[in-house]
Amino acid sequence: MRKAILAAAALVAVVAIFLLATLPPEPAHLALDANDPGLVARTMAGAYHVHTTRSDGAADKREVAAAAARAGLQFVIITDHGDGTREPDPPEYLHGVLCIDAVEISTNGGHYVALGLPAAPYPLAGDAAAVVEDVARLGGFGIAAHPHHPTHGLAWDDWSAPVDGIEWINADVEWRNESPPRLARALFDYLVRPAPALASVFDRPEETLERWASLLRSRAVVALAAADAHGGARASSLDEGGSRFALGPSYEASFSVVVNKVLLGAPPSGNAVNDASAIIESIRSGRVYTVIRGIADGLVLVPGATGGLRFPEQVPPGVVVREIGTAPRQAWEAAHPNAAGHPPVPWAVANPTVPPTERVPPLPGTAPLGLPLRLRSPWRVEKDPRSSGQLSEGPGGFRLTYALAEGERVSQFVAAAVDVSLPALSGLAFSASAERPMRLSVQLRFPAEGERWVKSVYIDQYPRDLILRTSDLAPAERADSQLPDLTRAGSLLFVVDLTNAKPGARGGFHISGLRILEQSPAAQR
Ligand SMILES: [Zn+2]
Ligand SMILES: [Zn+2]
């Protein structure tokens with residue numbers, strides 16, 4: 001019996017010695033005194049993509065700031081889940097850490113994080129391209145979240161929409177493709193050396209980096225590293241994966257493994273509002289880079305001749321710098337010999353500078369043309385039983401006043417509908433305005449197929465000419481269905497529903513000059 005205990009104890013000791021001897025290395029620290037102090041003063045390190053108790057995080061903003069301070073950060077960008085209608089908290093320094101409020105929006109094409117977004121006039125949701133358009137119009141900076149997330153519906157997948165930024169890595173996704181033994185090992189390592197243990201499950205996100213390079217061919221897109229920190233044990237939201245309880249690294253560990261560093265025009269002033277807008281401006285213009293601190297810390301990039309950021313003269317031993325994309329939008333990554341992963345995760349990733357001309361994506365153009373739309377019925381109101389709508393037809397159009405029923409969400413909607421017979425068309429053109437900013441869903445209903453195909457448009461007090469291309473229509477019912485022959489469409493609807501309005505919402509909009517854009521002869525053949 002005693003022998004058995006001794007043997008077991010010896011085995012445990014051998015395993016413990018083995019595990020301790022094979023821990024991931026402590027992060028290397030670069031010689032900071034080699035850096036220009038002026039440059040260090042203008043460089044701020046922070047965490048981007050952080051959840052608090054406002055959505056599915058484990059702690060409130062104050063505790064998150066305290067963890068960031070312990071991890072040596074100067075700012076955190078908090079991105080709780082929301083629809084953009086909440087007025088963002090003003091920036092504030094807590095525990096010496098600048099807290100910047102932002103929002104992570106769920107769309108049909110995945111999660112989209114918006115920085116610098118004022119309160120939206122209606123819920124941002126639905127079609128991914130519509131949310132990208134709204135964030136841009138409202139002056140926000142939008143980032144495609146976790147493109148390589150294994151859960152369909154969370155991963156961003158609409159690459160035709162003009163996103164401003166992309167998460168090249170997301171720390172909450174990286175562990176998900178590791179084998180159970182690898183995770184068990186990482187868990188042991190985490191208890192001894194948290195940041196290197198987390199970095200040891202990072203791989204190089206091949207597809208996402210390739211995607212970024214291909215986007216850079218046509219325009220500047222800023223790559224950021226997402227901590228996606230939720231902080232230890234917490235109740236998880238159903239939106240983020242289904243389980244009711246979730247475990248993860250502590251905030252401090254998340255903040256110690258990866259940072260985004262921004263280069264400001266001047267050292268931070270201590271004024272939270274000014275410093276926050278300087279940080280967001282640096283992100284917009286690409287003066288931001290990632291350092292995986294769990295591998296090595298202390299990297300400070302220097303401004304290059306063309307305004308971009310480059311490595312300091314002395315590259316640490318074994319580090320290899322590789323270019324991503326081609327001029328003029330040249331990004332790069334640095335490989336470090338201590339990086340783990342298959343293939344090894346880049347230690348640092350830097351952005352190209354974004355010229356101001358490439359910052360605001362172009363909004364859909366005007367110039368409506370085409371033939372008048374032939375209607376087969378008068379306009380009518382369609383709605384759920386408790387909501388109300390009033391329609392008045394006028395010359396060349398109609399006006400709809402709506403009031404969605406108050407209370408619970410029970411698929412409230414109010415629509416103006418008309419029966420149509422369409423030729424082979426490539427799009428619809430019309431003029432539209434609304435009492436207040438809103439997003440209107442334009443729908444074609446196919447009675448034989450029992451399907452609706454939809455696309456939302458933004459309208460406000462200023463009448464505007466809009467073009468809706470049939471190629472932009474998305475199925476409302478089954479995501480995998482094929483767009484039916486458009487000549488089979490039975491009705492056209494302009495719908496207000498809970499995608500972009502809340503129960504109790506009321507207002508009115510006006511549509512006129514409906515025309516059809518014919519298919520080009522080439523497309524008809
Ligand atoms: Zn997300
Ligand atoms: Zn998130």
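The values are calculated or read from the model by the stated rules, or taken from the named source; none is laboratory data. Nothing here was measured: the structure is a model prediction, and the numbers come from that model. All Cβ positions, even for glycine, are placed from backbone atoms using ideal geometry, and neighbour counts span all protein chains on display.
Looking at (1) away from ligand 1 (no atom under 16 Å from the Cβ); (2) surrounded by fewer than 21 Cβ atoms within 10 Å (Cβ to Cβ), find the lone condition where THR151 falls short.
Status for THR151: all satisfied but (1).
In this structure, is THR85 away from ligand 2 (no atom under 16 Å from the Cβ), more than 23 Å from ASN260 (Cα to Cα) and hydroxyl-bearing (Ser, Thr, Tyr)?
yes
Could you please give the count of residues in segment 466-507 that are in contact with a Gly (Cβ under 7 Å, 6 or more places away or on another chain) and either closer than 18 Å to GLU518 by Cα or among the polar types (S, T, N, Q) (or both)?
Counting residues in segment 466-507 that are in contact with a Gly (Cβ under 7 Å, 6 or more places away or on another chain) and either closer than 18 Å to GLU518 by Cα or among the polar types (S, T, N, Q) (or both) gives 6.
Of everything in segment 78-105, what is crowded, with 21+ Cβ neighbours inside 10 Å and in contact with a helix residue (DSSP H, G or I) (Cβ under 8 Å, 6 or more places away or on another chain)? Give them in sequence order.
ILE78, GLY84, VAL97, LEU98, CYS99, ILE100, ILE105
Each row is one residue, and each column tells you yes or no for (1) under 22 Å from TRP212 (Cα atoms); (2) away from ligand 1 (no atom under 16 Å from the Cβ); (3) out of contact with any Lys or Arg (no Cβ under 8 Å at 6 or more places or on another chain); (4) modelled with pLDDT under 90.
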site: ALA114; (1), (2), (3), (4): yes, no, yes, no
site: GLY140; (1), (2), (3), (4): yes, yes, yes, no
site: VAL163; (1), (2), (3), (4): yes, no, yes, no
site: ARG182; (1), (2), (3), (4): no, yes, yes, yes
site: ALA197; (1), (2), (3), (4): no, yes, yes, yes
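Condition first: farther than 21 Å from GLU63 by Cα and within 12 Å of the chain's Cα centre (by Cα). Now tell me which residues in segment 83-107 satisfy that.
Matches in segment 83-107: ILE105, SER106, THR107.
All but one of (1) over 25 Å from ARG506 (Cβ atoms); (2) more than 16 Å from ligand 2 (Cβ to nearest atom) hold for ARG137; which doesn't?
Failing condition for ARG137: (1).
Quick check on GLU333: is it modelled with pLDDT of 85 or more, closer than 26 Å to ARG217 by Cα and buried (at least 18 other Cβ atoms within 10 Å of the Cβ)?
yes
What is the residue count in segment 71-89 for residues that are out of contact with any strand residue (DSSP E or B) (no Cβ under 6 Å at 6 or more places or on another chain), in contact (Cβ under 8 Å) with a residue 40 or more places away in the chain and within 16 Å of ligand 1 (Cβ to nearest atom)?
Qualifying residue count for the region: 1.
Only one of ALA13, ALA8, ALA68, ALA41 is more than 16 Å from ligand 2 (Cβ to nearest atom), in contact (Cβ under 8 Å) with a residue 24 or more places away in the chain, out of contact with any Phe, Trp or Tyr (no Cβ under 6 Å at 6 or more places or on another chain) and assigned to a helix (DSSP H, G or I); which?
Matching residue, one of ALA13, ALA8, ALA68, ALA41: ALA41.
Applying the selection to segment 71-80, what residues are farther than 12 Å from GLU252 by Cα and either away from ligand 2 (no atom under 16 Å from the Cβ) or assigned to a loop (DSSP other than H, G, I, E, B) (or both)?
Listed by number, the residues that qualify are GLN74, PHE75.
Among (1) modelled with pLDDT under 85; (2) charged (D, E, K, R); (3) out of contact with any Asp or Glu (no Cβ under 8 Å at 6 or more places or on another chain), where does GLU174 come up short?
(3)
Scan segment 381-401 for residues that are buried (at least 16 other Cβ atoms within 10 Å of the Cβ) and of a type in the set (Lys, Arg) and jot them down.
Matches in segment 381-401: LYS383, ARG399.
Going by the structure shown, is VAL103 within 16 Å of ligand 1 (Cβ to nearest atom), more than 27 Å from ALA197 (Cα to Cα) and touching a Gly at 6+ places or on another chain (Cβ under 7 Å)?
So VAL103 fits the description; yes.
Residues checked against (1) at pLDDT below 95; (2) of a type in the set (Gly, Ala, Ser); (3) under 18 Å from GLY513 (Cα atoms):
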residue	(1), (2), (3)
VAL414	no, no, no
SER431	yes, yes, yes
GLU451	yes, no, no
GLN461	yes, no, yes
ARG464	yes, no, yes
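Taking segment 46-65, which residues are over 20 Å from the mean Cα position of the chain (by Cα), assigned to a loop (DSSP other than H, G, I, E, B) and in contact (Cβ under 8 Å) with a residue 12 or more places away in the chain?
The answer is ALA58, ALA59.
Of everything in segment 53-70 that's closer than 23 Å to SER277 by Cβ and aliphatic (A, V, I, L, M), which residue is nearest to ligand 1 (Cβ to nearest atom)?
Here the answer is VAL64.
Table: residues versus (1) touching a residue at least 12 places away in the same chain (Cβ under 8 Å); (2) under 16 Å from PRO346 (Cα atoms); (3) touching a helix residue (DSSP H, G or I) at 6+ places or on another chain (Cβ under 7 Å).
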| site | (1), (2), (3) |
| --- | --- |
| LEU263 | yes, no, yes |
| ALA272 | yes, no, no |
| ALA278 | yes, no, no |
| ARG284 | yes, no, no |
| TYR289 | yes, yes, no |
| ILE292 | yes, yes, yes |
| LEU301 | yes, yes, no |
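Which of the residues that make up segment 163-213 are under 19 Å from ALA233 (Cα atoms) and of a type in the set (Ser, Thr, Tyr)?
Once the filter is applied, which keeps residues that are under 19 Å from ALA233 (Cα atoms) and of a type in the set (Ser, Thr, Tyr), segment 163-213 yields only TYR190.
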